[in-house]
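These notes are about the structure you will find just below.
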Amino acid sequence: METRLIKISTENPESDLVEEAARVLKEGGLVAFPTETVYGLGGNGLNSEACKKIYIAKGRPSDNPLILHISQISELRPIVREIPLAAQKLMDAFWPGPLTMIFPKSDIVPMAATGGLDTVAVRFPSHPVAMALIRASGLPIAGPSANSSGKPSPTRASHVEFDLSGKIDMIVDGGAAEWGLESTIVDVSGDVPVILRPGAITKEMMEAVVDQVLIDPAILSKPSVDLRPKAPGMKYTHYSPVAKVTLVRGDGKAVIYKVNELCAADKAQGKKTGVLATEETKEQYQADVVLSLGNREKLEEIGANLFRHLRKFDFLGVDTVYSEVFSEEGEGLAIMNRLNKAAGYHQINAN
Ligand code: AMP
Ligand code: MG
């Protein structure tokens, strides 16, 4: 299959191009599109065949459900059985935006979209191109991240091209995804909302509008039989570059010393080494490739660069990557969740 690549302006999405992409979706095809979190792989979320094509293109396990994307609140009602009060408050505060909510699903949502579950994940993205495309299609659009399953989520159209060219109908290039990490997922189908995947909308932000929000304890530790994440997709090792990633904890100086020691040992074995550093430390590492995630105090920079850098290490043929760690407060929880997954939960202490 030939994959068409079209550019659509984020500031002013060209309506003829948006219509063209929407037509592909209406005809059951797959279109990758930009959102404010990462690029999504869109297909008609009410059409089982289109949903199945998404799983095939990504190589995604069939029990890992898709998120349905809408472009106005009125599109929520037909796809869910009920809208709990907490969900109403959260959508008033955070939609459109990087928050996905899990609802009991209505009958029109096929099991192919929900991985066989009777709940459905829904998000109303704020990216102008995503909004225009979903609206023009007139459909809820199933849109998991547009990467090959297991690879870091794409934050640029070029990442999607690398993973899925030849496997999908169209890629809409709308520039860099602003947040760079996938949406927060919160389950609102029970009494108290539970965060199943941390993201840009934090527990603290949500607790400003609802009384209490819990965090699925499986988020920060290695999934196990006793600790099974409630979002089926969270149990898979994700975001893994080909390189072996190790997180290095400890005091600033000790981390730098330890990482340089490990890099020297790897180099002696003929390996190409990489470091995920910060602006504050990048000059002090002696690795083949040192990439700065940004200013340590600006977690939004760190989050926005993480997946792009993980992909770059692969592109440069790096064998081993050592990464600094970050606070798990606020948005840091999402960053550490993704870093831990990229590292297969492999951490060492430098102190
Ligand atoms: P992605 O769109 O690639 O970011 O992946 C979607 C994520 O949402 C996966 O981790 C899924 O397991 C999760 N998800 C989607 N639908 C549900 C649902 N009904 N219940 C729990 N988690 C869900
Ligand atoms: Mg994904």
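Numbers at a glance
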| read-out | value |
| --- | --- |
| Residue that is farthest from residue 340 (Cα to Cα), among those in the stretch 146-161 that are near ligand 2 (Cβ under 9 Å from one of its atoms) and hydroxyl-bearing (Ser, Thr, Tyr) | 149 |
| Residue within the stretch 41-51 that is assigned to a loop (DSSP other than H, G, I, E, B) and open to solvent by less than 10 Å² (accessible area, probe 1.4 Å) present | yes |
| Selection count where residues are of a type in the set (A, V, I, L, M) and either part of a loop (DSSP other than H, G, I, E, B) or away from ligand 1 (no atom under 14 Å from the Cβ) (or both), scope the stretch 52-67 | 2 |
| Candidates 70, 102, filtered to the one that is within 11 Å of ligand 1 (Cβ to nearest atom) and within 21 Å of residue 38 (Cα to Cα) | 102 |
| Qualifying position, being in contact with a Gly (Cβ under 6 Å, 6 or more places away or on another chain) and in contact (Cβ under 8 Å) with a residue 60 or more places away in the chain, among 303, 330 | 303 |
| Number of the exception - residue 25 against (1) away from ligand 1 (no atom under 12 Å from the Cβ); (2) open to solvent by 10 Å² or more (accessible area, probe 1.4 Å) | (2) |
| Among (1) within 17 Å of the chain's Cα centre (by Cα); (2) farther than 16 Å from residue 160 by Cβ, the one test that residue 14 misses | (1) |
| Of residues in the stretch 242-256 being part of a helix (DSSP H, G or I) and either touching a helix residue (DSSP H, G or I) at 6+ places or on another chain (Cβ under 8 Å) or not charged (D, E, K, R) (or both), the one nearest to residue 287 (Cα to Cα) | 256 |
| Whichever residue in the stretch 116-145 is over 23 Å from residue 62 (Cβ atoms) and part of a loop (DSSP other than H, G, I, E, B) and, among such residues, is nearest to ligand 2 (Cβ to nearest atom) | 125 |
| Top-ranked residue of the stretch 216-239 - restricted to ones that are under 21 Å from residue 67 (Cα atoms), open to solvent by 20 Å² or more (accessible area, probe 1.4 Å) and in contact (Cβ under 8 Å) with a residue 40 or more places away in the chain, ranked as farthest from the chain's Cα centre (by Cα) | 230 |
| Residue that is surrounded by the most Cβ atoms within 10 Å (Cβ to Cβ) [pool: residues in the stretch 313-351 that are among the aliphatic types (A, V, I, L, M) and in a helix (DSSP H, G or I)] | 334 |
| Matching residues, the stretch 52-76, being open to solvent by less than 10 Å² (accessible area, probe 1.4 Å) and more than 20 Å from residue 182 (Cα to Cα) | 76 |
| In the stretch 97-115, the residues that are within 17 Å of residue 44 (Cα to Cα) and either within 16 Å of ligand 2 (Cβ to nearest atom) or in a loop (DSSP other than H, G, I, E, B) (or both) | 106, 107, 108, 109, 110, 113, 114, 115 |
| Scope the stretch 79-100; condition without any contact (Cβ under 8 Å) to a residue 60 or more places away in the chain and open to solvent by 30 Å² or more (accessible area, probe 1.4 Å); matching residues | 81, 82, 83, 85, 88, 96 |
| Failed criterion for residue 177 (all others in (1) within 14 Å of ligand 1 (Cβ to nearest atom); (2) closer than 22 Å to residue 306 by Cβ; (3) modelled with pLDDT under 95 hold) | (3) |
| Selection within the stretch 181-193 - open to solvent by 30 Å² or more (accessible area, probe 1.4 Å) and either of a type outside the set (D, E, K, R) or within 15 Å of ligand 2 (Cβ to nearest atom) (or both) | 189, 190, 192 |
| Positions within the stretch 257-288 being outside any loop (DSSP other than H, G, I, E, B) and open to solvent by 20 Å² or more (accessible area, probe 1.4 Å), in sequence order | 257, 258, 260, 261, 262, 264, 265, 267, 268, 282, 283, 284 |
| Pairs with Cβ under 8 Å, 6+ apart, first in the stretch 101-114 and at positive phi and without any contact (Cβ under 8 Å) to a residue 12 or more places away in the chain, second in a loop (DSSP other than H, G, I, E, B) and basic (Lys, Arg) | none |
| Residue count for the stretch 73-103, restricted to those that are of a type in the set (S, T, N, Q) and in contact with a Ser or Thr (Cβ under 7 Å, 6 or more places away or on another chain) | 1 |
| Condition check for residue 20: over 15 Å from residue 160 (Cβ atoms), surrounded by 14 or more Cβ atoms within 10 Å (Cβ to Cβ) and within 16 Å of ligand 2 (Cβ to nearest atom) | no |
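The values are calculated or read from the model by the stated rules, or taken from the named source; none is laboratory data. Just so you know, these numbers come straight off a predicted model, no measurement behind them. Every residue, glycine among them, receives a Cβ derived from its backbone with ideal geometry; neighbour counts consider all protein chains shown. Heads up: the accessible areas ignore ligands, DNA and RNA and are worked out on the full protein's heavy atoms, side chains in. Shrake-Rupley method; radii C 1.70, N 1.55, O 1.52, S 1.80 Å.
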